[in-house]
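Read-outs: derived from the displayed coordinates by stated rules, not from any lab. This is a predicted model, so every value here is computed, not measured. Quick reminder, even Gly has a Cβ in these numbers, built from the backbone with ideal geometry, and neighbours come from all protein chains shown.
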Amino acid sequence: MRYVRAFGRFWWDFVVGDDWRVAAGLAVALGLTALLTHRGVNAWWLLPVAVALLLVGSVWREAGGGG
Amino acid sequence: MSSSNVLLFLTTFAASAVEAVEALTIVLAVGVVRGWRSTLVGVGAAALVLAAIVAVLGPALRLIPIGTLRFVVGALLLAFGLQWLRKAILRAGGYKPLRDEGAAFAREREQAGSASPAPTAGMDWYSFTVAFKGVLLEGLEVTFIVVTFGSTQGRLGLAAAAAAAAVVAVVAVGAFVRGPLERVPENTLKFAVGVLLTSFGIFWGGEGAGVDWPGSDLAILAIVGFVGLLSVALTRALRRRRASIRPAAART
């Protein structure tokens with residue numbers, strides 16, 4: 001059980017890391033991109049915009065927000 | 001060599017160099033304090049495990065359809081690359097302490113010295129375990145980059161060669177200076193690797209999701225430029241913010 005937990009912990013740190021909101025946001029952005037392209041919209045711009053917003057938001061939160 | 005192959009080589013080389021510097025610090029500290037034989041056996045065992053992971057996972061990933069592989073690898077690289085980039089930006093902006101190899105070396109040395117004494121004959125399991133764990137843990141991230149980058153671009157050999165070249169270079173410099181590599185600009189390397197991993201993650205994640213990038217493969221250069229400029233701007237904004245907070249705090 002200890003090894004299973006350690007294995008799970010390793011993958012959580014590896015993929016999700018310190019800010020789960022970034023990982024969740026990426027999942028949403030990738031899902032939306034796939035959905036839009038499936039419906040015929042070439043949404044190449046969506047991922048760069050989402051990454052920019054997620055990175056700025058995460059860094060700013062860690063740095064103490066607007067105050 | 002195409003631009004994406006050059007970027008593949010540079011990314012793998014820089015990421016491997018950063019992790020090799022950190023692993024070298026641990027190995028040096030244990031080897032100097034407790035002796036080299038068991039330490040080097042631990043290093044060799046970890047290197048074998050890492051090579052086996054590359055040898056097994058690399059060909060296995062080729063069995064997955066390229067679109068699915070790019071989508072999954074792109075998603076993982078994005079999550080992983082953004083973590084590197086986020087930490088590097090916070091460090092460069094002064095919101096996280098920079099890694100100090102000298103201090104890490106002193107800490108490891110002290111721990112190795114305070115453990116039970118090394119046996120005069122046979123295997124010193126403390127040295128073996130610390131060296132094995134250090135090299136394996138630092139090497140796993142590199143292995144991930146080698147396997148995913150190499151498989152997605154069909155250049156596993158090139159990615160593995162870049163990682164090996166970085167390890168050889170770091171070990172050679174470490175042997176030359178006979179100490180931990182304190183002057184390696186680790187955060188700058190991590191910053192650059194974070195930009196490249198995130199950019200490849202965007203590119204492959206998008207391709208896997210069915211996107212047609214304007215300019216085809218050349219889009220990767222534009223994405224690297226976009227992520228790089230954004231990261232530099234964010235670092236500058238953090239530094240300005242920190243500088244403006246300090247005088248205000250000093251006045252109160």
Exercise. In straight Cα distance, which lysines are under 16 Å from B:Lys190, not counting same-chain residues fewer than 8 positions off?
Worked result: B:Lys87, B:Lys96
Problem set entry | Share of Cα-Cα pairs in the stretch B:71-200 lying beyond 23 Å, as whole percent | 47 percent
Problem set entry | Förster radius 41 Å - calculated FRET efficiency between B:Thr68 and A:Arg2 (Cβ-Cβ, nearest 0.05) | 0.80
Problem set entry | Gaussian network model of chain B, springs between alpha carbon atoms under 10 Å - residue of B:Ala131, B:Ala46, B:Ala233 with greatest fluctuation | B:Ala233
Problem set entry | Loop-located trypsin sites (Lys or Arg not before Pro) in the stretch B:132-230, at most 10 other Cβ atoms within 10 Å (DSSP) | B:Arg178, B:Arg183
Seminar exercise, completed: With a Förster distance of 25 angstrom and the Cβ-Cβ distance between B:Leu137 and B:Ala115, calculated FRET efficiency to the nearest 0.05 equals 0.85
Seminar exercise, completed: Mean projected area, convex hull of alpha-carbon positions in the stretch B:1-93, reported to one decimal in nm², is 8.7 nm²
For this session: With a length cut of 30 Å (Cα positions projected on each helix's long axis) and a Kyte-Doolittle mean of at least 1.0, go through chain B and give me the DSSP H helices that pass.
Result: B:3-34, B:37-61, B:66-92, B:156-177
Seminar exercise, completed: The extension gain from B:Ala233 to B:Ala60, computed as 0.36 nm times the residue separation minus the Cα-Cα distance, is 58.3 nm
Exercise. Can you give the Rg to Rh ratio of the protein assembly as shown, both from alpha-carbon atoms, with Rh computed by the Kirkwood formula?
Worked result: 1.00
For this session: Calculate the translational D of chain B in whole µm² s⁻¹ from Stokes-Einstein, where the hydrodynamic radius comes from the Kirkwood formula applied to all Cα pairs, the temperature is 37 °C and the viscosity 0.692 mPa s.
Result: 167 µm²/s
For this session: Counting helices only, and only those DSSP H runs with n ≥ 4, report the 222 nm mean residue ellipticity of chain A as the sum of -39,500 (n - 2.57) divided by its residues, in deg cm²/dmol to the nearest 500.
Result: -25000 deg cm²/dmol
Exercise. Over chain B, what is the relative contact order in whole percent, taking alpha-carbon pairs under 8 Å and six or more residues apart?
Worked result: 40 percent
Exercise. So what is the diffusion coefficient of the stretch A:16-62 in µm² per second by Stokes-Einstein at 20 °C and 1.002 mPa s, using a Kirkwood Rh over Cα pairs?
Worked result: 191 µm²/s
